[in-house]
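Asker: My questions all concern the structure below.
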Amino acid sequence: MIGQVTSGPASLAHADRIDAILGEPTRRYSEGAVTGLPQAWTECELIISHLALGATTRIIAPLLASKKTDPGVVVIDEAARFAVPLVGGHTGGANDLARRLAEGLGATAVLTTATDSLGIPALDTVGWPWSGDVAGVTRAMLDGRPVVIRRSQRWPLPPLPATVTVVSPGEPEPTNVVAQVLVTDVLPGPQPIPTVVLNPPSLVAGIGCNRGTSVEALTGLLTDTLAHAGLAPESLAALTSVDAKADEPGLLELAAHLGVPLITFSSETLARCEVPNPSAAPLVAVGTPSVAEASVIAHGAELIVPKTKTTEATCAIGRLPARGKLTVVGLGPGSRDLTTPRAQQAIREASVVVGYRPYVAQVKDLLRPGTIIASTAMGKEEERTATAIDLARQGNNVALVCSGDPAIYAMASPTLEQGTTGIDVEIVPGVTASLAASAILGAPLGHDHATISLSDLHTDWETIVRRVRAAAEADLVTVLYNPRSRTRLHHLPDALAIFAEHRPASTPVAVVEEADRPDQVVTLSTLGEFDPAVVNMNSLVVVGSSTTCYLPAGTGRTVMVTPRDYHWMNR
């Protein structure tokens, strides 16, 4: 819940804008800050204060308890020029909220936390449960002193400063370190140097139980099982069981309390799993000789703690393999304001960025210190995707960047085709060139349309011709990608000749070169008068349908429009 404490007409207007930016209504406190702020403090996870920074500080000062429990507070000034995280910058989410508000309001986010100022990842914002001396270890990182990160598996990490060494099992240990981070699901003992423990989501608890077993009984069994094995409860990623227990109240309550999913499998699936301790009782009750151990294995985890049992339930623990992450990121047509916030965040969080050299250069200002760059030349798509996949399999958080949208003539399909088993994959959409060009021209894609690449580098020309003819015969507005290069000179004239067989010479044809970039050039023409010589590889050609037309707009501007055929337009 996000609350807004307002203080006058201007702040009420800003609060309405903020609701629109967040896409949901916030809880309002408008009866006075002296009572509103304390009330919001008890009711909200995040608070936006429209009071002065000093006034907000004085009111919340007596309420401060712990950075782990206090809500995040962001102060917005009277003119909405600044968004200032006051408390809870990392753990409370105030820094992220300030960035989001600043972007939407056209304001400046004033981030004063050292890690954000220097672009160093904050250990309490990695996304995993943590404990230990965050301040001490972070200070060592900020001061450039040698820090080691010891991870039990190759869990992906954010970009790190050069003075931080990451060590996985079997790799040589650095010397003279002054602080450490342990990435593990094992409970650590006393440590000789300042230490932070990060608990990745690596453990799975398989549970079988009698009907009606209480949540207290299940909690006790799970807690004892983890404790005896020296495993961290904070690393639990899921509870598993048999389908017959999918509605078991105690299991559902336990999963809700832990904040993890309850995942169940059919008895047939579990019966096919080889387990060390099968039993006749569950075979009779639910149709499988094992529930706890088998459900752990069925979920893809390695069984590390065989089942323990009470008179009411059984519990087994498994460990999931660490998986690197590969995010294929669309940068849009070129201007930064058309690179989505999600894409920018993925790039900031990546420890490795892979891409065609100009695209990597385009986002260098988003890269944190320590980010590894693996750029390649034009035509190296296979090498580029293979490198990104391999780096993700090594336990890295990899961003593979490309222009436009990654799934439209870009890197998403070759990445997925090469095979990405064993890693997490996410596709972050972008504004593709056809959408950027359409917005520049007006609304040529206002009705049914097609996109066709004229490059025969990967598709034979006969197939391209067949598709162009189909689009022409179907009277579809058609966007031609890769229309012309120094060596491919006949492709565009041949395609336009096919359209001319099915559409009048007056059909609008437009070219947008370097869309949304400083050197943008727009050419408006017709099918009968169009000169292919104005086109290059940085251009997009839009061929109108039989209903597409040029219309006046604004102050002397001409736009290209394909009517949507709304019935009310004919009235």
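Asker: Pairs only if they're at least six apart or on different chains, beta carbon under 9 angstrom, first in the stretch 11-38 and touching a residue at least 12 places away in the same chain (Cβ under 8 Å), second among the acidic types (Asp, Glu) and not in a helix (DSSP H, G or I); list them, first residue then second.
Answerer: Ser11/Glu78; His14/Glu78
Asker: When you go through (1) touching a Cys at 6+ places or on another chain (Cβ under 8 Å); (2) assigned to a loop (DSSP other than H, G, I, E, B) one by one for Gly355, which number turns out not to apply?
Answerer: Here Gly355 meets the rest and fails (2).
Asker: Can you pull out the residues in the stretch 151-188 that are charged (D, E, K, R) and surrounded by 20 or more Cβ atoms within 10 Å (Cβ to Cβ)?
Answerer: First, the residues of the stretch 151-188 that are charged (D, E, K, R): 151, 154, 171, 173, 185.
Listed by number, the residues that qualify are Arg151, Asp185.
Asker: For Lys309, all conditions in the list (1) at pLDDT below 95; (2) closer than 19 Å to Asp224 by Cα; (3) buried (at least 20 other Cβ atoms within 10 Å of the Cβ) hold save one; what is the number of the exception?
Answerer: Just one mismatch for Lys309, condition (3).
Asker: Quickly run through the stretch 132-150 and pick out the residues that are surrounded by fewer than 18 Cβ atoms within 10 Å (Cβ to Cβ) and within 25 Å of Gly170 (Cα to Cα).
Answerer: Within the stretch 132-150, Arg145, Pro146 meet the criteria.
Asker: Separate question: For the stretch 435-448, check the following and say yes or no: at least one residue is surrounded by fewer than 16 Cβ atoms within 10 Å (Cβ to Cβ) and either out of contact with any strand residue (DSSP E or B) (no Cβ under 8 Å at 6 or more places or on another chain) or in a helix (DSSP H, G or I) (or both). Working first, answer last.
Answerer: Filtering the stretch 435-448 down to residues surrounded by fewer than 16 Cβ atoms within 10 Å (Cβ to Cβ) leaves 448.
Next, only the ones that are either out of contact with any strand residue (DSSP E or B) (no Cβ under 8 Å at 6 or more places or on another chain) or in a helix (DSSP H, G or I) (or both) stay: none.
No, the stretch 435-448 contains no residue that is surrounded by fewer than 16 Cβ atoms within 10 Å (Cβ to Cβ) and either out of contact with any strand residue (DSSP E or B) (no Cβ under 8 Å at 6 or more places or on another chain) or in a helix (DSSP H, G or I) (or both).
Asker: Restricting to strands (runs of 3 or more DSSP E) lying wholly in the stretch 478-571: which have 3 or more residues that are within 29 Å of Ala407 (Cα to Cα)? If you could, list the steps in order and put the result at the bottom.
Answerer: Numbers: elements: 508-513, 521-526, 539-543, 549-553, 557-561.
Qualifying strands (runs of 3 or more DSSP E): 508-513, 521-526, 539-543, 557-561.
Asker: Taking Glu417, is it at pLDDT 95 or above, surrounded by fewer than 17 Cβ atoms within 10 Å (Cβ to Cβ) and in a helix (DSSP H, G or I)? I'd like the intermediate steps shown before the answer.
Answerer: On the way: at pLDDT 95 or above: no; surrounded by fewer than 17 Cβ atoms within 10 Å (Cβ to Cβ): yes; in a helix (DSSP H, G or I): yes.
No, not satisfied.
Asker: While we're on this one: Please determine whether any residue of the stretch 20-31 is polar (S, T, N, Q), more than 15 Å from Gly88 (Cα to Cα) and not in a helix (DSSP H, G or I).
Answerer: yes
Asker: Turning to a different aspect of this structure: Given the criterion of a type outside the set (Lys, Arg), under 18 Å from the mean Cα position of the chain (by Cα) and assigned to a helix (DSSP H, G or I), identify the matching residue among Ala399, Ala388, Ala361. Lay out the reasoning, then the answer.
Answerer: Details: Ala399 fails: assigned to a helix (DSSP H, G or I); Ala361 fails: under 18 Å from the mean Cα position of the chain (by Cα).
When all the criteria are applied, what remains is Ala388.
Asker: Does the stretch 298-321 contain at least one residue that is hydroxyl-bearing (Ser, Thr, Tyr), outside any strand (DSSP E or B) and touching a strand residue (DSSP E or B) at 6+ places or on another chain (Cβ under 8 Å)? Explain how you work it out, then say what you get.
Answerer: So in the stretch 298-321, the residues hydroxyl-bearing (Ser, Thr, Tyr) come out as 308, 310-311, 314.
With the extra rule that they be outside any strand (DSSP E or B), the set shrinks to 310-311.
Those still in the list that are touching a strand residue (DSSP E or B) at 6+ places or on another chain (Cβ under 8 Å) too: none.
Looking for residues that are hydroxyl-bearing (Ser, Thr, Tyr), outside any strand (DSSP E or B) and touching a strand residue (DSSP E or B) at 6+ places or on another chain (Cβ under 8 Å), one finds none in the stretch 298-321, hence no.
Asker: Next question. Quick one: in the stretch 183-199, of everything that is in contact with a Ser or Thr (Cβ under 6 Å, 6 or more places away or on another chain) and not polar (S, T, N, Q), which residue is nearest to Ala140 (Cα to Cα)?
Answerer: In the first step, residues of the stretch 183-199 are kept if they are in contact with a Ser or Thr (Cβ under 6 Å, 6 or more places away or on another chain); the result is 184-185, 197, 199.
Narrowing the set further to residues that are not polar (S, T, N, Q) leaves 185, 197.
On the way: Asp185: 24, Val197: 15 Å.
Here the answer is Val197.
Asker: Look at the stretch 363-414 and say how many of its residues are surrounded by fewer than 18 Cβ atoms within 10 Å (Cβ to Cβ), basic (Lys, Arg) and touching a Gly at 6+ places or on another chain (Cβ under 7 Å).
Answerer: 1
Asker: While we're looking at this one, here's another question. When you scan the stretch 381-399, how many residues do you find that are free of Cβ contacts under 8 Å to residues at least 60 places away in the same chain and within 20 Å of Ile347 (Cβ to Cβ)?
Answerer: Residues of the stretch 381-399 that are free of Cβ contacts under 8 Å to residues at least 60 places away in the same chain, as a first pass: 381-387, 390.
Then drop every residue that is not within 20 Å of Ile347 (Cβ to Cβ), which leaves 381, 384-385, 387, 390.
Of the residues in the stretch 381-399, 5 are free of Cβ contacts under 8 Å to residues at least 60 places away in the same chain and within 20 Å of Ile347 (Cβ to Cβ).
Asker: Of the conditions (1) surrounded by fewer than 19 Cβ atoms within 10 Å (Cβ to Cβ); (2) under 40 Å from the mean Cα position of the chain (by Cα); (3) closer than 18 Å to Pro444 by Cα, Val534 satisfies every one except a single condition; which number is it?
Answerer: Going through (1) surrounded by fewer than 19 Cβ atoms within 10 Å (Cβ to Cβ); (2) under 40 Å from the mean Cα position of the chain (by Cα); (3) closer than 18 Å to Pro444 by Cα one by one, Val534 breaks only (3).
Asker: Sort out which residues of the stretch 98-119 are among the hydrophobic types (A, V, I, L, M, F, W, C) and either within 19 Å of the chain's Cα centre (by Cα) or modelled with pLDDT of 75 or more (or both), and write them in order of number. Let's see the steps before the verdict.
Answerer: As a first pass, look at the stretch 98-119 and keep what is among the hydrophobic types (A, V, I, L, M, F, W, C): 98, 101-102, 105, 107, 109-111, 114, 118.
Ala98, Leu101, Ala102, Leu105, Ala107, Ala109, Val110, Leu111 - these are the residues of the stretch 98-119 that are among the hydrophobic types (A, V, I, L, M, F, W, C) and either within 19 Å of the chain's Cα centre (by Cα) or modelled with pLDDT of 75 or more (or both).
The values are calculated or read from the model by the stated rules, or taken from the named source; none is laboratory data. These numbers come from a predicted model, not from an experiment. No Cβ is skipped: glycine too gets one built from the backbone with ideal geometry, and neighbour counts run over all protein chains shown.
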